[in-house]
Structures are given as structure tokens and as C-alpha cells.
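Asks: Before I ask anything, here is the structure I am working with.
The values are calculated or read from the model by the stated rules, or taken from the named source; none is laboratory data. What you see is a predicted model; the values in this text were computed from it and never measured. Backbone-built Cβ (ideal geometry, glycine too); neighbour counts: all protein chains shown. Quick note on the areas: whole protein, heavy atoms, side chains included, nothing else; ligands and nucleic acids left out. Shrake-Rupley method; radii C 1.70, N 1.55, O 1.52, S 1.80 Å.
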Amino acid sequence: MIVGLGPGPAEWTTPEASAAIDAASDVVGYGPYVERLALRTDQRVHASDNRVEMDRARLALKLAAEGREVAVVSGGDPGVFAMAAAVFEAVEDNPQWLKLDIAVAPGVTAMQAAAARLGAPLGHDFCAMSLSDNLKPWAIVERRLRAACDGDFVIALYNPASKARPTRITQAFDLLRAVKAPATPVAFARAVGRADETLTLTTLGEADTSFADMATLVIIGSSETRFISRDDERPWMLTPRAYGARR
């Protein structure tokens with residue numbers, strides 16, 4: 001099973017995911033995700049560092065081929081910039097693994113969790129992108145950002161900044177500011193669902209990109225997105241369902 005743990009809180013982990021982990025003899029995953037689990041002493045843990053997704057996938061498949069019940073865990077949803085793709089890529093390279101019984105247990109992805117906290121920023125058409133250029137050229141990221149702006153999508157940015165890529169979020173915002181209105185609503189949703197959760201609402205023109213790190217999901221509104229002000233409370237972020245029905 002390739003299992004999505006959700007963004008953090010136990011209540012955002014699905015019953016299917018919990019059952020898959022409970023049934024596993026071996027749990028394979030990125031160290032911080034594995035540490036979130038209350039595993040039994042009879043379950044074997046195979047924790048690894050970041051950026052070794054293919055090694056992790058091959059280990060999980062090797063264990064499964066030996067007859068082990070394996071849970072490969074991801075934060076969020078395993079099919080969104082996570083381990084499901086790595087596992088199936090590894091399967092494609094080894095025909096013997098095609099015979100394995102492999103299934104995916106979906107999870108709440110960061111984009112959904114952030115949207116729930118913010119109000120309804122994904123109420124109309126949107127797209128999700130990773131700003132990481134570890135596995136794709138930065139020119140492709142720029143091309144896709146421009147295309148998303150041309151289509152007037154709400155844009156959800158995963159992996160906006162890391163120690164190895166501290167300036168990519170700044171470059172992305174420079175591009176966005178060249179083609180979108182300065183008043184476009186923007187939200188930085190960091191560590192959603194955890195004790196250190198931080199929600200920062202601003203505009204494209206005023207946004208401070210230093211708020212972003214690898215625990216942050218960034219949402220950039222479309223031309224239709226707006227804030228709903230509330231007395232003494234954080235505004236809601238809304239992208240209405242009907243395009244062009246401006247107030």
C-alpha cells in the first residue's frame with residue numbers, strides 16, 4: 001500500500017490509511033513522516049532521508065516481493081508530488097514487480113488543508129505546481145507559471161523554497177508580478193494543522209516571499225479571487241464559482 005498520511009493531524013488521516021499502516025509488517029518512508037506514526041514493536045521501520053524517493057520505492061517493492069506486507073508512507077496525498085509516482089516508476093523498470101498487489105490509499109493534500117483554513121480559494125478552476133526544479137528545468141516552471149496566468153487559474157505552489165533553492169520563490173513572484181495585478185490575493189499557509197500553523201494573507205504586490213519554506217503552501221488568486229473582511233478576525237479568501245460574476 002502507498003499511503004497518504006495527510007498534512008499532520010491524526011484526524012486528517014483516513015481510516016483506510018490507518019488500517020493499511022496497522023496491517024503492515026514493514027513501514028517505509030521519509031524519516032519525519034515515519035516518526036508521526038505510533039507503530040508496534042513487531043513492525044519493521046525503514047526510514048530514509050529526503051531526495052531518495054526511488055531508492056525508497058525499490059526497497060519497498062523488494063520487501064513486498066519477499067512476501068512482506070509493506071506500507072510506503074507519504075505526507076499529504078501520495079499521488080501529489082509524492083511516493084506513488086516513484087513506486088510506479090520503479091515498477092515500470094522491473095517487470096517482475098508488475099505481479100505485486102499494489103494499491104494507493106489517498107490522503108488530504110496540503111492544498112486542500114490550506115484551502116479549508118482560508119475559506120474557499122479553490123472555488124473555481126485552479127492548478128497545482130511544484131516550484132522545485134530538482135527533477136525539471138526551471139524554464140519549464142516559468143513556462144507553466146505563465147500558462148497558468150494566461151488561463152487565469154488560481155495557483156497553488158508546493159515546495160516554494162528550501163535551503164538549496166532559497167531564491168526560486170522570489171523568481172516566481174517576479175514573474176507573476178509582471179503579468180498579474182498587484183492587488184491579486186495571496187496566502188502563505190505554513191504547517192497547516194500543526195501547532196506552529198501560520199496563515200498570512202496579503203496581495204501579490206505586497207507579499208514577502210521570505211515567509212515561504214518547504215512547510216508552506218502558497219496560493220495565488222485569479223482575477224476573480226477576493227478577501228471577505230470580518231471585524232477583528234482574519235478575512236476569508238474566496239474564488240467564486242461563477243466566473244465573471246463580479247460584485
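Asks: Scanning for something acidic (D, E) and assigned to a strand (DSSP E or B), does the stretch 27-41 turn up at least one residue?
Replies: no
Asks: Taking L135 as meeting all but one of (1) outside any strand (DSSP E or B); (2) open to solvent by less than 70 Å² (accessible area, probe 1.4 Å), write down the number of the exception.
Replies: All conditions pass for L135, except number (2).
Asks: Being touching a Pro at 6+ places or on another chain (Cβ under 7 Å) and within 23 Å of N159 (Cα to Cα) is true for just one of G4, G8, G29. Which residue is that?
Replies: It is G4.
Asks: Please name all residue pairs, on different chains or six or more residues apart, with Cβ atoms under 6 Å, provided the first residue is in the stretch 8-27 and is among the charged types (D, E, K, R) and the second residue is modelled with pLDDT of 95 or more.
Replies: Between residues of the stretch 8-27 that are among the charged types (D, E, K, R) and residues that are modelled with pLDDT of 95 or more, the close pairs are E16/A105; D26/R44; D26/L63; D26/R68; D26/V70.
Asks: Can you tell me which residue is nearest to A19 (Cα to Cα) among those in the stretch 76-86 that are of a type in the set (G, A, S) and surrounded by fewer than 21 Cβ atoms within 10 Å (Cβ to Cβ)?
Replies: By that ranking, first place goes to G79.
Asks: I would also like to ask the following. Can you tell me which residue within the stretch 201-247, out of those that are within 23 Å of the chain's Cα centre (by Cα) and polar (S, T, N, Q), is surrounded by the fewest Cβ atoms within 10 Å (Cβ to Cβ)?
Replies: Among those that are within 23 Å of the chain's Cα centre (by Cα) and polar (S, T, N, Q), it is S210.
Asks: Restricting to the stretch 87-110, give me the number of residues that are surrounded by 14 or more Cβ atoms within 10 Å (Cβ to Cβ), of a type outside the set (V, I, T), touching a residue at least 40 places away in the same chain (Cβ under 8 Å) and part of a loop (DSSP other than H, G, I, E, B).
Replies: Adding up the residues that qualify gives 2.
Asks: Next question, about the same structure. Examine the stretch 44-53 for a residue that is under 26 Å from A195 (Cα atoms), open to solvent by 50 Å² or more (accessible area, probe 1.4 Å), of a type in the set (G, A, S) and out of contact with any His (no Cβ under 7 Å at 6 or more places or on another chain), and state whether such a residue exists.
Replies: yes
Asks: Kindly provide the set of residues from the stretch 210-235 that are in a loop (DSSP other than H, G, I, E, B) and free of Cβ contacts under 8 Å to residues at least 12 places away in the same chain, ordered by number.
Replies: Answer for the stretch 210-235, where residues must be in a loop (DSSP other than H, G, I, E, B) and free of Cβ contacts under 8 Å to residues at least 12 places away in the same chain: D231, D232.
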